[in-house]
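Comments concern the structure below.
Bear in mind that the values in this text are calculations on the coordinates, not laboratory data. Just so it is clear, the structure is predicted and the values come from calculations on it, not from any experiment. FYI the Cβ positions are ideal-geometry reconstructions off the backbone, even for glycines, and counts take in every protein chain you see.
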2 protein chains.
Amino acid sequence: LWDDDDDPAEEVPPPPVTVDAFLDGRVEAVQPAAGHHRSGLDTVLLAAAVGAGASGTLIDLGAGAGVAGLCVAARARGIEVTLVEREPLLLRCAADALARPANAAFAGRVRLAGLDLAAGERERLAAGLAREAADQVIMNPPFHRPDTVSVSAMSARADAHVLPESGLEPWFRFAAWALRPNGALTVIFRADGLAGLLAGFGDRFGTLTVLPVHPRPGQAAHRVLIRGRKGSRGPLSILPGLPLHEEGGRSFLPPIERMLRDGADLAEVLPPWRS
Amino acid sequence: LWDDDDDPAEEVPPPPVTVDAFLDGRVEAVQPAAGHHRSGLDTVLLAAAVGAGASGTLIDLGAGAGVAGLCVAARARGIEVTLVEREPLLLRCAADALARPANAAFAGRVRLAGLDLAAGERERLAAGLAREAADQVIMNPPFHRPDTVSVSAMSARADAHVLPESGLEPWFRFAAWALRPNGALTVIFRADGLAGLLAGFGDRFGTLTVLPVHPRPGQAAHRVLIRGRKGSRGPLSILPGLPLHEEGGRSFLPPIERMLRDGADLAEVLPPWRS
């Protein structure tokens, strides 16, 4: 007799993955080799925006393979991390990462929640989330608008590269639902999306800190990192921009190296970021 | 018989004014000595944002005593300037400035329009303005929110210091009415008003260029200069911040001196500003 569960004809081989080291090997991530957003500098910057001394609970929203959340968990020993992601393949990558010995020091403080951002409250609660409970949310939403993305990227279903037409609003709404009052939401995004980001923070958040990230000194920003506090009425501030590479060179500037390799806090290399 | 027009008891002496030199004396402004916003660095920066090679028509919206518009007219010989201001005292200051010999080189290219920003189209047309005709609009709206301004400033009726409750929206609506398609609106404002500014530009403008202005390198921005093009769909860019003073010092950095004293274009000292 055939056992249907073992039918080799029904087994879809998993897509190839890579194992990538972050923070000088303190974190090993498992990522699909192709067809999905692959984490890099943006992800590590987002994680570095959370201080190593932070405590409480943090949600990595739309976590993908979980690199940002894993980097936070590795650096901040007082933080419990939940990776919220809808795509099974990426959740499986995250689970595989948590099982790796290199991540054993912090894997016990990371859990997965398979959930679409548009899911209703009942599904959110069923996934183990709670309303107005998280101390921090971090997110790195898809970078390209559907109307500007290439057809090949669309056909590859590269979800993490494609911002759905509903835009950023579901991301901000989910974050506002999940955060406790005065909890911090930190976002990294394309610099040219600044207006949409500020509209997303909107009246729900205050004390916004805007950090432009520049490829090199003297060049326009390509990314922007923004933190806001839920329910706060404090003023917005624009920090001095953070350049990544030296002028005319390809190597990272020392403050960036410190975050990428040594796991330094963004607030260590850029004190005004301190909340 | 008494002549009512000459009745000295009915004559209100005009408030004291000062004559202030800008751009190393190429512009002499007449400003109320007290009780009103007094133009300074912000105003000259706003004027420097318009290139000396620009041509066509420019409106200085809520011009006050007209310093920004006068500085543009002095630098850009191909530009016709209209100062739009509602307060008679400030219009009189501007008219007095235009009559001064120091300003003779450009006074013929500057005219005044006594008009409230909230005036309807009929009044705007009667004041000599035209719909969708201007090549550029510049504005430096009042800086303080009514809920944060001090009582003394309120009682001094320091209009240029107090943003009315209706906020920035009437300013942007007027600018959008007055500008030709692809015409440029340039605004200088408090950096903490960034979200309101971007909302004001909104869908009516595109190709936004955001320049944070920092008191010193490494300090958060206190001002932001933003230019947008009416009807454009181009992306927003965030330029490297412009610091004013040297670290720990009170003197202006050389690029700022060049704009303040020599009348240099902002795009000369900060090439990415070039439109």
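Can you classify the protein assembly as shown as rounded, prolate or oblate using the Cα gyration tensor, where a ≥ b ≥ c are the square roots of its eigenvalues, rounded means a/c under 1.5, and otherwise it's prolate if a/b beats b/c and oblate if not?
Prolate, because a/c is 1.5 or more and a/b exceeds b/c.
Could you work out the equivalent-ellipsoid semi-axes for segment B:171-275, taking the square root of 5 times each eigenvalue of the Cα gyration tensor, largest first, in whole Å?
Working from the Cα gyration tensor, I get semi-axes of 27, 15, 11 Å.
Which distances, shortest first and in nm, link B:ARG122 to the matching position in the other copies, using label points set 7 Å out along Cα to C-beta?
Ordered by increasing distance: 5.9 nm.
With θ taken as phi - 60° and the coefficients 6.51, -1.76 and 1.60, list the Karplus ³J(HN,Hα) couplings across segment A:250-267 in order, rounded to whole Hz; mark glycine and proline as x.
Per-residue couplings from phi come out as 10, 7, 6, 5, x, x, 6, 4, 4, 6, 5, 9, 8, x, 5, 5, 4, 5 Hz.
Which of A:ALA65, A:ALA47, A:ALA34 moves most in a GNM of chain A, Cα contacts under 10 Å?
A:ALA34
With springs only between Cα atoms under 10 Å apart, run a GNM on chain A and tell me which of A:GLY183, A:GLY202, A:GLY66 wobbles the most.
A:GLY202
Count charges around A:ALA52 for me, please; just the other residues with Cβ under 14 Å from its Cβ, Lys/Arg as +1, Asp/Glu as -1.
+3
Amide H neighbours of B:ILE59 under 5 Å, counting only residues 5+ apart in sequence or on other chains, H built in-plane at 1.01 Å?
B:THR82, B:GLN136, B:VAL137, B:ILE138
Inter-copy label distances at B:GLU257, 7 Å along the Cα→beta-carbon direction, one decimal in nm, shortest first?
Nearest first, the other copies' label points are 3.4 nm away.
Which value, in debye to the nearest 20, describes the size of the charge dipole of the protein assembly as shown about its Cα centre when Lys and Arg Cβ atoms bear +1, Asp and Glu Cβ atoms bear -1, and nothing else is charged?
760
If I histogram all Cα-Cα distances within segment B:232-275 using bins 10 Å wide from 0, what percent of pairs lands in each bin?
26, 44, 23, 7, 1
Which net charge results when you count Lys and Arg as +1 and Asp and Glu as -1 among the other residues whose beta-carbon is under 12 Å from that of B:THR209?
After counting each charged neighbour, the total is +2.
At 25 °C and a viscosity of 0.890 mPa s, what translational diffusion coefficient does Stokes-Einstein give for segment B:172-225, taking Rh as the Kirkwood radius over Cα pairs? Give it in µm²/s as a whole number.
Using the Kirkwood radius from Cα pairs, D works out to 203 µm²/s.
List the residues whose amide H sits under 5 Å from the amide H of B:GLU132, counting only those 5 or more places along or on another chain, with H placed 1.01 Å from N in the peptide plane.
B:ALA178, B:LEU179
Tally Lys and Arg at +1 and Asp and Glu at -1 over the other residues with C-beta under 15 Å from the C-beta of B:ALA220: what net charge comes out?
Once positives and negatives cancel, what remains is +3.
For segment A:35-94 and segment B:176-227, what is the separation of their Cα centres, given in Å?
Rounded to whole Å, the Cα centres lie 33 Å apart.
Could you list which residues have their amide H under 5 Å from that of B:VAL27, counting only those 5 or more apart in sequence or on another chain, with H placed in the peptide plane?
Here B:PHE22 satisfy the definition.
Using a label position 7 Å from Cα in the Cα→Cβ direction, what is the ascending list of nm distances from A:ARG100 to the same site in the other copies?
6.9
Does anyone have the angle between helix B:169-178 and the longest principal axis of chain B? Alpha-carbon axes, 0 to 90°, nearest 10?
With rounding to tens, the tilt is 90 degrees.
Tell me, rounded to the nearest percent, the portion of alpha carbon pairs in segment A:1-145 spaced more than 21 Å apart.
Here the long-distance tail beyond 21 Å is 44 percent of all Cα pairs in segment A:1-145.
How many times 2.2 N^0.38 Å is the alpha carbon radius of gyration of segment B:59-142?
Compared with the compact-globule rule of thumb, segment B:59-142 sits at 1.02.
Measure nothing fancy, just the Cα-based angle from helix A:88-98's long axis to the longest principal axis of chain A, in degrees from 0 to 90, nearest 10.
That helix lies at roughly 80 degrees to the long axis.
Checking a compactness column here: for chain B, what do you get for Rg(Cα) / (2.2 N^0.38 Å), N being the number of residues?
Taking the Cα Rg and dividing by 2.2 N^0.38 Å, one obtains 1.00.
Among B:GLU132, B:GLU28, B:GLU247, whose mean-square fluctuation peaks in a Gaussian network model of chain B (Cα, cutoff 10 Å)?
In the Gaussian network model the winner is B:GLU247.
Output the relative contact order of segment A:217-269, whole-number percent, from Cα pairs under 8 angstrom with separation of 6+ residues.
26
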